[in-house]
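Engineer: Here it is, the structure, as structure tokens.
The values are calculated or read from the model by the stated rules, or taken from the named source; none is laboratory data. Please read all numbers here as calculations on a predicted model, not as lab measurements. No Cβ is skipped: glycine too gets one built from the backbone with ideal geometry, and neighbour counts run over all protein chains shown.
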Amino acid sequence: MSRLLLVAHGSRDPRYAASYETLCLKLRQQGHAALVGHLGLCGPDVVESARLLAREGGGEPIVAVPMFLNHGYHVAHDVPEVVARAGAAVSHARIVVADPLGPDPLLVEAMESRLRELGVWPGDPDTAVVLASAGTSDAAARGVLESAAAEWARTGWHSVSPAYAGAAAPGAAEAVGAARAAGARDVVIASYFLAPGLLADRVATGAPGIRMAAPFATPADVDPALTRLLLRRATAALAKDPHTRAGRPRPGIRSGSALRR
């Protein structure tokens with residue numbers, strides 16, 4: 001059994017916390033001890049969840065997985081700070097920090113799965129995809145998303161263009177208008193959000209009448225690609241941990257192909 005601490009941003013929207021509880025339930029059903037800890041706006045916080053996980057026992061460390069889709073400010077500053085506080089609170093249990101979730105091809109797989117739920121066939125050359133995310137003022141982080149959009153567009157779509165809920169341009173409505181002006185017969189919005197909340201809603205209301213896929217996790221379900229990606233990040237973190245014997249199988253985290261994809 002592995003011990004997974006999901007370090008999430010947090011939101012006052014109750015759907016957000018409920019989505020993470022659903023994700024943790026899926027992980028527990030696969031045999032993992034999994035809890036979410038939020039940076040703010042809702043509970044439980046990271047230190048509280050780390051304490052609960054530490055009580056699970058076992059020789060393996062707690063793996064803190066930053067639940068973020070890019071290497072931005074929160075990953076660079078907030079996550080290390082709060083994990084250090086959690087580590088001090090559970091000094092009898094080591095905490096290993098994994099890489100953030102994105103970018104990764106499995107996120108594209110999840111977005112295509114969500115778009116199929118809308119009746120959109122992946123790679124449709126007549127369909128333009130607006131890749132909607134929270135937004136950031138970090139130019140490097142935006143560049144990563146723009147590169148991911150360009151790569152995804154090469155799989156056959158009419159086009160894939162980023163849009164942001166805030167902190168950057170274009171917004172969803174502007175991106176939809178540009179896609180239509182470029183000749184796309186249909187435009188859909190792919191949700192590059194981990195869970196529902198204010199920013200995802202802002203995208204939807206900013207582009208009325210345009211179909212928008214669900215976030216990767218909702219209170220009702222979690223896309224399987226997200227859980228596979230999360231476990232892959234945890235596996236990689238344990239593999240790099242100098243205190244873990246090289247080549248030794250990690251209890252609770254399978255080494256099968258589904259986690260290495």
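Engineer: Of everything in the range 158-188, what is under 13 Å from Met212 (Cα atoms), of a type in the set (Gly, Ala, Ser) and under 23 Å from the mean Cα position of the chain (by Cα)? Give them in sequence order.
Structural biologist: Ala163, Ala172
Engineer: Looking only at the range 96-139, which residues are buried (at least 21 other Cβ atoms within 10 Å of the Cβ) and of a type in the set (S, T, N, Q)?
Structural biologist: Thr127, Ser133
Engineer: Restricted to the range 114-137, and to residues that are over 20 Å from Ala217 (Cβ atoms) and within 18 Å of the chain's Cα centre (by Cα), which residue is modelled with the lowest pLDDT?
Structural biologist: Checking each candidate, the answer is Thr136.
Engineer: Run down Ala93, Ala89 and say which single residue is small (Gly, Ala, Ser) and buried (at least 19 other Cβ atoms within 10 Å of the Cβ).
Structural biologist: Ala93
Engineer: Can Ser159 be described as buried (at least 22 other Cβ atoms within 10 Å of the Cβ), polar (S, T, N, Q) and at pLDDT 95 or above?
Structural biologist: So Ser159 does not fit the description; no.
Engineer: Now for a separate question. So is Arg180 of a type outside the set (Asp, Glu), assigned to a helix (DSSP H, G or I), modelled with pLDDT of 95 or more and surrounded by fewer than 15 Cβ atoms within 10 Å (Cβ to Cβ) or not? Give the steps one after another, and end with the answer.
Structural biologist: Values: of a type outside the set (Asp, Glu): yes; assigned to a helix (DSSP H, G or I): yes; modelled with pLDDT of 95 or more: yes; surrounded by fewer than 15 Cβ atoms within 10 Å (Cβ to Cβ): yes.
The answer is yes for Arg180.
Engineer: With the requirement that a residue be of a type outside the set (Asp, Glu) and farther than 20 Å from Ala239 by Cα, what does the range 81-102 give you?
Structural biologist: Step one: of the range 81-102, the residues of a type outside the set (Asp, Glu) are 82-98, 100-102.
Val82, Ala84, Arg85, Ala86, Ala88, Ala89, Val90, Ser91, His92, listed by residue number.
Engineer: Also: With respect to the numbered conditions (1) out of contact with any Phe, Trp or Tyr (no Cβ under 8 Å at 6 or more places or on another chain); (2) modelled with pLDDT of 95 or more; (3) not assigned by TED's automatic domain parsing to the domain that holds Ala8, which one is the sole condition not fulfilled by Gly197?
Structural biologist: Of everything listed in (1) out of contact with any Phe, Trp or Tyr (no Cβ under 8 Å at 6 or more places or on another chain); (2) modelled with pLDDT of 95 or more; (3) not assigned by TED's automatic domain parsing to the domain that holds Ala8, Gly197 misses just condition (1).
Engineer: List every residue pair whose Cβ atoms lie under 7 Å apart, where the two residues are 6 or more positions apart in sequence or sit on different chains, the first residue falls within the range 71-92 and is more than 14 Å from Val46 (Cβ to Cβ) and in contact (Cβ under 8 Å) with a residue 24 or more places away in the chain, and the second residue, located anywhere, is of a type in the set (Gly, Ala, Ser) and surrounded by 13 or more Cβ atoms within 10 Å (Cβ to Cβ).
Structural biologist: Once the first residue is more than 14 Å from Val46 (Cβ to Cβ) and in contact (Cβ under 8 Å) with a residue 24 or more places away in the chain and sits in the range 71-92, its partners that are of a type in the set (Gly, Ala, Ser) and surrounded by 13 or more Cβ atoms within 10 Å (Cβ to Cβ) give His71/Ala141; Gly72/Ala141; His92/Ala54.
Engineer: Moving on. Considering each of Leu4, Leu23, Leu27 in turn, give the residue that is more than 15 Å from Phe216 (Cα to Cα), aliphatic (A, V, I, L, M) and in contact with a strand residue (DSSP E or B) (Cβ under 7 Å, 6 or more places away or on another chain).
Structural biologist: That would be Leu4, the only listed residue that is more than 15 Å from Phe216 (Cα to Cα), aliphatic (A, V, I, L, M) and in contact with a strand residue (DSSP E or B) (Cβ under 7 Å, 6 or more places away or on another chain).
Engineer: Sticking with this structure for a sec: When you scan the range 146-167, do you find a residue that is more than 20 Å from Gly10 (Cα to Cα) and of a type in the set (Phe, Trp, Tyr), even just one?
Structural biologist: Going through the range 146-167, the residues more than 20 Å from Gly10 (Cα to Cα) turn out to be 146-163.
Next, from what is left, pick out any that are of a type in the set (Phe, Trp, Tyr): 152, 157.
Within the range 146-167, one or more residues are more than 20 Å from Gly10 (Cα to Cα) and of a type in the set (Phe, Trp, Tyr).
Engineer: Shifting gears a bit: If I filter the range 71-84 for residues that are out of contact with any Leu (no Cβ under 6 Å at 6 or more places or on another chain), surrounded by 17 or more Cβ atoms within 10 Å (Cβ to Cβ) and within 25 Å of Gly31 (Cβ to Cβ), do I get at least one hit?
Structural biologist: Yes: one or more hits.
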